[in-house]
Amino acid sequence: VQQEKAAPADLTGYERVKQELVRPPFAPKHDQVASGDPKIVEITMTVDERLMVVDEDSGASIWAMTYHGSVPGPLIIVHQDDYVELTLRSPSKNQLEHNIDFHASTGALGGGGLTHIYPGEETVLRWKATKAGLFTYHCAPGGAMIPYHVCHGMNGAVMVLPRDGLKDGDGNPLRYDEIAYIGEQDYYLPKNADGTYKTYANAGDDYADSLEAMRTLTPTHSVFNGAVGALTGSNALKSEVGKTVLMIHNQANRDTRPHLIGGHGDYVWESGSFTDAPQTGLETWFIRGGSAGAAIYTFKQPGVYAYVNHNLIEAALLGATAHFVVDGEWDNALMEQVVAPRTSET
Amino acid sequence: VQQEKAAPADLTGYERVKQELVRPPFAPKHDQVASGDPKIVEITMTVDERLMVVDEDSGASIWAMTYHGSVPGPLIIVHQDDYVELTLRSPSKNQLEHNIDFHASTGALGGGGLTHIYPGEETVLRWKATKAGLFTYHCAPGGAMIPYHVCHGMNGAVMVLPRDGLKDGDGNPLRYDEIAYIGEQDYYLPKNADGTYKTYANAGDDYADSLEAMRTLTPTHSVFNGAVGALTGSNALKSEVGKTVLMIHNQANRDTRPHLIGGHGDYVWESGSFTDAPQTGLETWFIRGGSAGAAIYTFKQPGVYAYVNHNLIEAALLGATAHFVVDGEWDNALMEQVVAPRTSET
Amino acid sequence: VQQEKAAPADLTGYERVKQELVRPPFAPKHDQVASGDPKIVEITMTVDERLMVVDEDSGASIWAMTYHGSVPGPLIIVHQDDYVELTLRSPSKNQLEHNIDFHASTGALGGGGLTHIYPGEETVLRWKATKAGLFTYHCAPGGAMIPYHVCHGMNGAVMVLPRDGLKDGDGNPLRYDEIAYIGEQDYYLPKNADGTYKTYANAGDDYADSLEAMRTLTPTHSVFNGAVGALTGSNALKSEVGKTVLMIHNQANRDTRPHLIGGHGDYVWESGSFTDAPQTGLETWFIRGGSAGAAIYTFKQPGVYAYVNHNLIEAALLGATAHFVVDGEWDNALMEQVVAPRTSET
Ligand SMILES: [Cu+2]
Ligand SMILES: [Cu+2]
Ligand SMILES: [Cu+2]
Ligand SMILES: [Cu+2]
Ligand SMILES: [Cu+2]
Ligand SMILES: [Cu+2]
Ligand SMILES: [Mg+2]
Ligand SMILES: [Mg+2]
Ligand SMILES: [Mg+2]
Ligand SMILES: [Mg+2]
Ligand SMILES: [Mg+2]
Ligand SMILES: [Mg+2]
Ligand SMILES: [Mg+2]
Ligand SMILES: [Mg+2]
Ligand SMILES: [Mg+2]
């Protein structure tokens, strides 16, 4: 094939570093401004087909197909002009063929054409991060298997930072104190005639039923980080007044519209490109299906913030809600309850 | 709670003014450029649960939950750094708990956490308009009640003007002669087995049925200003050639794509932020579910302009159509019917 | 009517040229930079109601309503301040009333109010291209007939180039080597009780069934250039490494999110306006229902690129996939298969 005849890449002088992947909503250790020259960032991901509970209340479950055990797959962070060198493994306990398509990469269906592996196999792909921004990655084995795998959780995001870090529209540096990495997943779970969710013995067994459910284009669930409640209650995100959070939103298949209830997007890269000026002061932003974007916010008040897909049906009934619990001092100059609810004269 | 321990806001020197709310599609009296220092703008809104006809042809109706009697709720206009001081009342004739979440505000779930009132109660909330732009407000009593109330009409918009008014991307002033304030409402009306719409005796009685209908994510109606035909025929908007209209579009729940048939968006704040340069010369713009945006157009031809959600199924079958009737002189230099329809030789 | 009383347009000094329409995905002969003064561009389109196969596998078909025999209708290209002078004919073999609404034009419902023709009729409309950008045109006979005709394929795009051609955000010229003109069409095909697609004897016979199907807002098909597979296999688009393609995407009714698998949008006019700076480096872009937009990409690797609506269900199950087959030399510096799939030790 063409790749074999091509000149080998000249990697002289590139330092190699390893990036340890961490579970969402957390971000791997990284520098916001790159130090030194572009590097080769080595990453290892293991494909893990696993039965996951989607909603404890209804008992809805799915044989999820995951990168490295989580939905979404882990966040990868590099700087522009770095190489990502990925080792992708599929243990023999898995049932299905998988691969990986990096929206951030160039050629071969985003790498999808070079990484088809069966259970018990591994492959190594290296690609250069030429575009700065947030980019989805996902499995794309071909044909109807593409939405089937993606809608079973097999997707995540890469952040390619500009070497000198994020900037506002005037070129001033923007820095964050923490990252909240949120993957929204639309599931199309097959149901029994009585409305309960079907269960299956093995990954892949729900294929025909899933295709029928997907054709409705109407998800049964749209959840953050794999399951209803994965980022609420004891799993809520934490922050403090004065802290700046970068909220990364990945949606590999279906449009969504993140909103931080009680806050804003101070700076928003809606389509995820860091070579364009961020929008400012947004109430709600739009993530196109098949993309990742981000918003920066500095918390100004303590309390609970719900971060939702602002189709409120999807937020409240389908699962698309996370919580930030923010410590600090209330500022009555921004908002004050002048009169608490009381019986009205009129 | 935290609010009680916080230092009181220093309101020394703030002048208080009252804003009289008016029915949509009209805008309250306001200055496009602020005069003097930031003010405290006092507003009173009454929650009104009322049976409304959605479509006279089919007899579809809803126990709407409204701010001040209309769907959408009234447009509020202030300038950046002004305070909004809202008195929210719910008469005892109402059935349900309500509150208000202002996307324009900061903290406490947009004020939603501080304004829960039951029938017979009132509360007063004050918040500072720190961000310039168009912002949705809506009821958010918690859980499934959130989409239930929002999809029963309980939402509206605040416009926070820059103190020196609107500007194009080069900083030149943009002024309008009139405002058309349009709220698009997706309704999910429960049906009987024969396809007719169900009727209910009281507000809230349709709760279980509505939740089931909302889960389809497919509205039975998507209407402007509360009902099919609310802005057409004798209710059409009026304008003149040479006049500049600011078309404000609020959609608190579901994405939409306004289009002015026969005109354009000369300047468009699609995501509603006035701190970003408006887009120019658009055919169709996109309002994310859970946001308000606006477009400016100067009419150049007389006649009827349909203003639609350009999913034409939603425009023609679900109700998302308004009309502008524009007076003035036709300009053949822009468009001319060179040959009127006639029998063709070929 | 008003048009009759208006002063005639002064067309002194305007040269007349004819534009020969060509079948999508191809573009008519044109200059990227205008030579000389604005012109009157004469175009003739014939309305053609024709039975088309939508999907050979399932046998799904439609009595398409077409401009000039294709779905989408032909691409029209002019420069800003040119006139388009369209002769629209409907042969007597047709069944239905048609007209044309140009989003690029000003007044009379985009010309829709001046161009209603019945089978056996013709009309001539002239309008000035005052706005630079990509704009949808479509049939809009009134009421429910509007989505019915548009969802039967009766739409296309006009590109109004700036007189000095396309530019990046800094004002530098952007040129393309080729155009790929892609119209995405959502069809709502009525089905029999057994799930097979209904067939009809004449154009228009599916009206009542179609309206019912459209109300679901869930298309049975979303295809590029009229049918499943119209731009794949032997119909795939062709290009070369180093060539720059302008990908024009028209969707007259329903939102979509184009993505080039393995490539990017180097420059993207998402909402189609050429008076706004293009976005840069996008993975996925968003075309609002009822609009046309475009992206420029310079191919950097050989191979097959799938161009999809990145709702992957729509791409893989509903038909929204095209292919580019790109010749050239592979560049391992951008992507390299370091280790081909092999049995894993672990
Ligand atoms: Cu997979
Ligand atoms: Cu993809
Ligand atoms: Cu309420
Ligand atoms: Cu909200
Ligand atoms: Cu037609
Ligand atoms: Cu249109
Ligand atoms: Mg095995
Ligand atoms: Mg394959
Ligand atoms: Mg992105
Ligand atoms: Mg009562
Ligand atoms: Mg509550
Ligand atoms: Mg807004
Ligand atoms: Mg005939
Ligand atoms: Mg008519
Ligand atoms: Mg356009």
Taking into account only those residues within the stretch A:264-281 that are assigned to a loop (DSSP other than H, G, I, E, B) and facing another protein chain (nearest Cβ under 7 Å), which is nearest to the chain's Cα centre (by Cα)? A:Gly272
Which condition from (1) more than 14 Å from every other protein chain (Cβ to nearest Cβ); (2) surrounded by fewer than 19 Cβ atoms within 10 Å (Cβ to Cβ); (3) away from ligand 8 (no atom under 16 Å from the Cβ); (4) not β-branched (Val, Ile, Thr) is the one that A:Glu42 breaks? (1)
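Of everything in the stretch C:236-263, what is within 12 Å of chain B (Cβ to nearest Cβ) and either in a loop (DSSP other than H, G, I, E, B) or in contact with a Cys (Cβ under 8 Å, 6 or more places away or on another chain) (or both)? Give them in sequence order.
Quick first cut of the stretch C:236-263, residues within 12 Å of chain B (Cβ to nearest Cβ) only: C:250-257.
Hits for the stretch C:236-263 are C:Ala252, C:Asn253, C:Arg254, C:Asp255, C:Arg257.
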Given the conditions (1) touching a residue at least 60 places away in the same chain (Cβ under 8 Å); (2) away from ligand 6 (no atom under 15 Å from the Cβ); (3) in contact with a Gly (Cβ under 9 Å, 6 or more places away or on another chain), which single one is not true for C:Asn155? (2)
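Restricting to the stretch C:12-30, and then to whatever is out of contact with any strand residue (DSSP E or B) (no Cβ under 8 Å at 6 or more places or on another chain) and not β-branched (Val, Ile, Thr), can you tell me which residue is nearest to C:Lys238 (Cα to Cα)? Talk me through it step by step, then tell me what you get.
So the first thing to find is which residues in the stretch C:12-30 are out of contact with any strand residue (DSSP E or B) (no Cβ under 8 Å at 6 or more places or on another chain), and the list is C:12-13, C:20, C:22, C:29.
Filter once more, so that each one left must be not β-branched (Val, Ile, Thr): C:13, C:20, C:29.
On the way: C:Gly13: 41, C:Glu20: 22, C:Lys29: 18 Å.
The extreme case among them is C:Lys29.
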Odd one out for A:His323 among (1) surrounded by 21 or more Cβ atoms within 10 Å (Cβ to Cβ); (2) within 17 Å of the chain's Cα centre (by Cα): (1)
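Across the stretch B:312-346, what is the number of residues that are among the acidic types (Asp, Glu) and facing chain C (nearest Cβ under 7 Å)? Before you say what the answer is, go through the steps one by one.
First, pick out the residues of the stretch B:312-346 that are among the acidic types (Asp, Glu): B:314, B:327, B:329, B:331, B:336, B:345.
If we keep only those that are facing chain C (nearest Cβ under 7 Å) too, we end up with B:329, B:331, B:336.
Within the stretch B:312-346, residues that are among the acidic types (Asp, Glu) and facing chain C (nearest Cβ under 7 Å) number 3.
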Just checking, how many residues over the stretch C:297-309 are part of a strand (DSSP E or B) and facing another protein chain (nearest Cβ under 9 Å)? 6
Of everything in the stretch B:246-281 that's surrounded by fewer than 24 Cβ atoms within 10 Å (Cβ to Cβ) and of a type in the set (A, V, I, L, M, F, W, C), which residue is nearest to ligand 1 (Cβ to nearest atom)? B:Ala277
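Residue-by-condition table, conditions (1) away from ligand 5 (no atom under 16 Å from the Cβ); (2) facing chain A (nearest Cβ under 9 Å); (3) under 20 Å from the mean Cα position of the chain (by Cα):
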{"residue": "B:Thr66", "(1), (2), (3)": "yes, no, yes"}
{"residue": "B:Ser92", "(1), (2), (3)": "yes, yes, no"}
{"residue": "B:Leu96", "(1), (2), (3)": "yes, no, no"}
{"residue": "B:Ala104", "(1), (2), (3)": "yes, yes, yes"}
{"residue": "B:Gly111", "(1), (2), (3)": "yes, yes, yes"}
{"residue": "B:Ile117", "(1), (2), (3)": "yes, yes, no"}
{"residue": "B:Thr136", "(1), (2), (3)": "yes, yes, yes"}
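In the stretch B:191-204, which residues are within 17 Å of B:Gly59 (Cβ to Cβ) and touching a residue at least 24 places away in the same chain (Cβ under 8 Å)? Before the answer, list the steps.
Going residue by residue through the stretch B:191-204, those that are within 17 Å of B:Gly59 (Cβ to Cβ) are B:191-201.
Listed by number, the residues that qualify are B:Lys191, B:Thr196, B:Tyr197, B:Thr199, B:Tyr200.
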Looking at the stretch C:2-10, is at least one residue at pLDDT 95 or above and either more than 18 Å from the chain's Cα centre (by Cα) or not in a strand (DSSP E or B) (or both)? no
Members of the stretch C:138-166 found to be more than 9 Å from chain B (Cβ to nearest Cβ) and assigned to a strand (DSSP E or B), listed by number: C:Asn155, C:Gly156, C:Ala157, C:Val158, C:Met159, C:Val160, C:Leu161, C:Leu166
In the stretch A:282-296, anything surrounded by 24 or more Cβ atoms within 10 Å (Cβ to Cβ) and either without any contact (Cβ under 8 Å) to a residue 24 or more places away in the chain or more than 14 Å from chain C (Cβ to nearest Cβ) (or both) is listed as A:Leu282, A:Glu283, A:Thr284, A:Ala295
Could you check, for the stretch A:146-161, whether at least one of its residues is surrounded by fewer than 18 Cβ atoms within 10 Å (Cβ to Cβ) and on the phi > 0 side of the Ramachandran plot? no
Among residues belonging to the stretch B:216-228 that are assigned to a loop (DSSP other than H, G, I, E, B) and more than 14 Å from B:Lys191 (Cα to Cα), point out the one that is nearest to the other protein chains (Cβ to nearest Cβ). B:Leu217
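Hey, could you check the stretch B:162-174 for residues that are more than 16 Å from ligand 12 (Cβ to nearest atom) and closer than 23 Å to A:Ala333 by Cα and say which is surrounded by the most Cβ atoms within 10 Å (Cβ to Cβ)?
Step one: filter the stretch B:162-174 for residues more than 16 Å from ligand 12 (Cβ to nearest atom), giving B:163-165, B:167-174.
Pick out the ones that are also closer than 23 Å to A:Ala333 by Cα and you get B:163-164.
Numbers: B:Arg163: 17, B:Asp164: 13.
Result: B:Arg163.
Just the residues that are at negative phi and within 7 Å of another protein chain (Cβ to nearest Cβ), please, taken from the stretch A:119-129. Working first, answer last.
Looking only at the stretch A:119-129, we keep the residues that are at negative phi, and these are A:119, A:121-129.
Listed by number, the residues that qualify are A:Glu121, A:Glu122, A:Thr123, A:Val124, A:Leu125, A:Arg126, A:Trp127, A:Lys128.
The values are calculated or read from the model by the stated rules, or taken from the named source; none is laboratory data. Since the model is a prediction, treat every value here as computed from it, not as a measurement. Here Cβ is always computed from backbone atoms with ideal geometry, including for glycine, and neighbour counts include all displayed protein chains.
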